Amino acid sequence: MNHPPSAAIVGVGSTEFSKASGRSELRLALEACTLALADAGLDPSDVDGLVTMTMDDNDEPAVAHYLGLDALTFFARTSGGGGGGPGTLTLASMAIATGRARTVICYRAMNERSQGRFGQPSRYAGDRAATAAAVTMSWAAPFGMVTPAAFFAPSFRRYMHEYGATSEDFGRQAVVQRAYANKNPQAFFHDRPLTLDDHQSSRMIADPLRLFDCCQESDGGVALVLTAPERAKDLRQPPVAVLGAAMGVGPRQYGVAPLYRDDLADAAETRVMGDQLWAQSGLGPGDMDVALLYDHFSPAVLMQLEALGFCGLGEAPGLVRDGGTEIDGVIPTNTNGGQLSEAYIHGFNGLAEAVRQLRGTSVNQVTGAAHAVVTGGSHAPTSGVVLGRTA
Amino acid sequence: MTKAPTAGRPRPAVNPDTRFFWDAAFERRLAVQRCSACRALRHPPGPACPRCHSLDWEVSDVSGRGTLYSYTVLHHPPAPGFDGPAVIAVVDLEEGVRMVSNVVGVDPATLTIGEPLEVCFEEHVGWTVPQFRRPAAREAVR
């Protein structure tokens with residue numbers, strides 16, 4: 001089942017992460033894309049594919065226009081909101097493996113703090129035409145379920161009920177990630193430590209989620225360049241192989257949340273996705289040296305550790321309590337500080353950190369890291385990749 | 001006690017699959033879809049039966065009794081149209097379908113997963129929201 005790598009990541013580019021970029025989203029996209037191409041040692045004219053997420057506001061043709069491209073042979077978007085980040089690599093890898101494109105940039109660039117606050121209800125409300133999306137929202141918004149936190153909180157509450165997990169258990173992962181961020185100059189919370197007491201005294205957002213369980217709202221952009229493995233060998237950076245690339249939806253997903261699923265205490269979509277990753281790569285959780293797990297909310301990290309098989313159901317609180325997600329733990333997790341403490345770039349900053357780990361250039365480097373798993377948001381239609389060092 | 005929600009909640013968008021639910025609520029009835037072919041109940045309303053794929057369905061009134069499967073209390077940002085924190089409930093109805101709604105008239109700190117609930121209705125201008133409360137007898141002994 002060990003497929004040869006169909007694509008490799010050869011370049012990564014990133015803007016700074018802030019609360020007010022002062023620049024247009026399209027400019028952030030262009031900055032990230034051109035930095036990623038420079039990192040790879042490629043020219044814009046080498047690019048024939050562009051992939052982003054439905055969340056992103058920058059059209060692929062607009063990015064192509066300002067990259068000065070005469071033609072695109074592949075362009076696409078992943079759905080599922082924040083679940084779709086690694087899925088852009090899934091699409092890009094498929095395009096490269098099937099000859100639809102030779103070199104693809106996956107990008108995501110937004111001002112989702114300064115231009116419109118992503119965690120506020122306005123993003124969801126206001127559509128009065130009976131579109132399918134508006135009708136779907138009509139089983140939530142009239143009841144006050146209008147923010148991402150509100151959509152996912154009942155899953156986390158049920159997880160606590162089923163397995164005895166506590167708010168402190170969620171807080172411990174937030175504290176682990178803040179410690180990583182305190183060593184990462186790119187992290188928004190670089191200079192601000194976090195204790196478990198700070199977490200426990202932070203205000204309630206959507207019970208059981210406290211402020212420091214929630215990801216940030218950030219301005220910023222990240223882009224990754226992918227090409228075929230044989231071409232990657234001749235480029236500037238040591239290539240990072242895409243060893244597995246999958247997507248997943250679980251039972252009774254309805255809109256952004258799986259609230260009608262029999263068991264809300266299991267991240268079933270992550271399980272569907274992760275099972276494919278292990279089958280495609282011929283690797284398992286025990287082979288991973290580092291994990292970048294989508295942390296829209298801290299309990300989602302625990303539930304994904306379980307769904308990916310790093311531990312059994314209900315065992316992640318113990319894994320975190322024992323230091324399992326710290327740098328010398330069984331699976332160092334979100335070593336950039338994650339979206340709680342570095343920035344919320346819809347998981348693209350996690351993809352960038354995975355590449356740094358496999359190049360050996362992370363500020364929180366896992367010694368000898370050879371394999372990484374990166375996920376999109378759980379509880380939403382999700383995606384993920386397994387990446388491997390090649391040099 | 002949380003205050004009752006007031007006007008200004010986001011109104012539901014309705015289509016031919018879903019209009020019956022809000023029409024029933026306006027008449028203070030709680031109703032779900034029943035598949036005309038395999039008789040399975042389903043919610044939220046949709047065009048087809050996920051079990052047998054029949055497009056034929058009818059409206060079935062339900063008892064309005066259920067249990068609390070899970071919940072959240074939305075403190076920040078405030079839910080539009082709510083005076084205080086919105087108590088958002090995931091309710092398992094005794095007929096075997098699940099419904100997202102509100103629990104009203106309770107101190108959210110006392111909510112217990114698995115506790116019994118019953119439907120009640122809150123009227124807004126031109127529409128009515130089905131929501132849930134503790135059954136009267138249970139609340140009286142607290």
Cys with no candidate disulfide partner in the protein assembly as shown (beta-carbon separation under 4.7 Å rule): A:33, A:106, A:214, A:215, A:311, B:120
Would you give the gap between the C-alpha center of segment A:89-161 and the C-alpha center of segment B:10-60, rounded to a whole Å? 26 Å
Using alpha-carbon coordinates alone, the radius of gyration and Dmax of the protein assembly as shown in Å work out to 23.5, 77
Kirkwood hydrodynamic radius of segment A:146-243 from all distinct Cα pairs, in Å? 16.5 Å
Take the alpha-carbon centre of segment A:1-60, take the same for segment A:189-233, and report the distance between them in whole Å. 19 Å
With only Lys, Arg, Asp and Glu charged, each at its Cβ (+1 for the first two, -1 for the last two), find how big the charge dipole of chain A is about the Cα centre; round to the nearest 20 debye. 340 debye
Expected 222 nm ellipticity per residue - DSSP helices of 4 or more, -39500 (n - 2.57), all of chain A, to 500: -10000 deg cm²/dmol
For segment B:63-142, what is the charge dipole size about the Cα centre, in debye to the nearest 20, if Lys and Arg each add +1 at the Cβ and Asp and Glu each add -1 at the Cβ? 140 debye
Express the relative contact order of segment B:14-61 as a whole percentage, based on alpha carbon pairs under 8 Å and six or more residues apart in sequence. 37 percent
With only helices counted (DSSP H, runs n ≥ 4, each -39500 (n - 2.57)), the per-residue ellipticity at 222 nm for chain B, to the nearest 500, works out to -2000 deg cm²/dmol
When the Cα centres of segment B:75-142 and segment A:237-284 are compared, how far apart do they sit, in Å? 33 Å
Determine the relative contact order of chain B: mean sequence separation of Cα pairs under 8 Å and six or more apart, normalised by residue count, in whole percent. 26 percent
Extreme residue, positive dipole direction of chain A, given options A:139, A:69, A:299 (C-beta unit charges): A:69
Which one, B:102, B:76, B:62, projects farthest toward the positive side of the charge dipole computed for chain B from Cβ point charges (K/R +1, D/E -1)? B:76
Just going by the charge dipole of the protein assembly as shown, with Lys and Arg at +1 and Asp and Glu at -1 on Cβ, which of A:319, A:176, B:85 is farthest out on the positive end? B:85
According to the square roots a ≥ b ≥ c of the eigenvalues of the Cα gyration tensor, what is the shape class of segment A:255-355, taking rounded for a/c under 1.5, prolate for a/b larger than b/c otherwise, and oblate for the remainder? rounded
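How would you rank A:210-217, B:52-59, highest first, on the average number of other Cβ atoms within 10 Å across their residues?
Going by the mean number of other Cβ atoms within 10 Å, highest first, we get A:210-217, B:52-59.
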Indicate the gyration tensor shape class of segment A:204-246 (rounded, prolate or oblate), computed on the Cα atoms with a ≥ b ≥ c the square roots of the eigenvalues: a/c under 1.5 is rounded; otherwise a/b larger than b/c is prolate and the rest oblate. prolate
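Could you give the dipole magnitude of segment B:14-61 about its Cα centre, charging the beta-carbon of Lys and Arg +1 and that of Asp and Glu -1, in debye to the nearest 20?
Rounded to the nearest 20 debye, it is 160 debye.
How would A:230, A:31 line up from fewest to most surrounding beta-carbon atoms within 10 angstrom?
Values: A:230 9, A:31 20.
Ranking A:230, A:31 by Cβ neighbours within 10 Å, fewest first, gives A:230, A:31.
Taken together, the values in this text are just the output of simple stated rules run on the coordinates, not laboratory data. In this text, all values refer to a predicted model and were calculated from it rather than measured experimentally. Glycine also receives a Cβ, built like all others from the backbone with ideal geometry; neighbour counts cover every protein chain displayed.
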